[in-house]
Amino acid sequence: MTEQRAYRVAEEIKREVSDIIRYDLKDPRVTGPMISVTGVDLTRDLSHAKVFVSIYGSDEEQQTTMTALNNAAGFIRSEIGKRIRLRHTPEIVFQLDHSISYGAHINDVLRKIEGKDSRE
């Protein structure tokens, strides 16, 4: 299996998972906060997919949403199986991605530093 194909499949899974979360999941724990699928790590044999999500909200909202997403992983996997033609649909595990909130924190720190420099 080429890395190019694994990358294309991962991107397709990312797009479909985002669509499923946005339009097909009816769980209020998932539909409340803003959720963004930031990436998918796929094993070489396409049997396992680690889906990284960024959730805008408090720590409690993030944990509640992560629990709901992991509970809905079976439903999401079956939907992916219907939408993407693969011999085997990968097992899905959701993982919280802190990169967006970390980037926002770094921007805040840089603004504070920039503000101090302009006053000197």
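Annotations for the structure displayed:
- Using a Gaussian network model of the chain in which every pair of alpha carbons under 10 angstrom is joined by a spring, one finds that among ASP27, ASP59, ASP108 the greatest mean-square fluctuation is at ASP108.
- Entry note: the chain has Rg to Rh equal to 1.11, where both radii use alpha-carbon atoms and Rh is the Kirkwood radius.
- Hydrodynamic radius by Kirkwood, which averages 1/r over all alpha carbon pairs of the stretch 77-120, in angstrom: 14.3
- Dividing the summed -39500 (n - 2.57) terms of all DSSP H runs of n ≥ 4 by the residue count of the chain sets its mean residue ellipticity at 222 nm at -19000 deg cm²/dmol.
Bear in mind these aren't lab numbers, they're just calculated from the coordinates by the rules spelled out. A quick note: this is a predicted structure, and the numbers were derived from the prediction, not measured.
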